[in-house]
Amino acid sequence: MTSEIRANTLKSRVGLGTISFTNTGPIVSGIVTATGADINGDIDVAGVSTLTGADINGNIDVAGVSTFTGNADFSAGIDVTGTAIADALNVTG
């Protein structure tokens, strides 16, 4: 004989997160800690996202200021519309 527990919602004891189950998969609200994620669709991040060692294939649309603490390699060229201030600039080619 097998036992079964059926539920459509799980709530944490301290009230910090909820998991709801739908026909298309779970919906998680709150903080999620995972060792990996495979996202095959779009992802919408509201707030700050820190990507360490990210490999992004495709286009990135950035609105606002981007800060690079290391080298930024633009191997296909760079197009600047407006003012560009360079403290140290080395141009070859």
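Among the criteria (1) open to solvent by 70 Å² or more (accessible area, probe 1.4 Å); (2) in contact (Cβ under 8 Å) with a residue 12 or more places away in the chain; (3) within 25 Å of the chain's Cα centre (by Cα), the one residue 17 does not fulfil is (1).
Scanning segment 42-58 for residues that are open to solvent by 80 Å² or more (accessible area, probe 1.4 Å) and under 8 Å from the mean Cα position of the chain (by Cα) gives 43, 44, 50, 51.
The values are calculated or read from the model by the stated rules, or taken from the named source; none is laboratory data. Computed from a predicted structure; not experimentally measured. Cβ atoms come from the backbone with ideal geometry, glycine included; neighbour counts cover every protein chain shown. Just the protein is used for accessible areas: all its heavy atoms, side chains included, with ligands, DNA and RNA removed. Shrake-Rupley method; radii C 1.70, N 1.55, O 1.52, S 1.80 Å.
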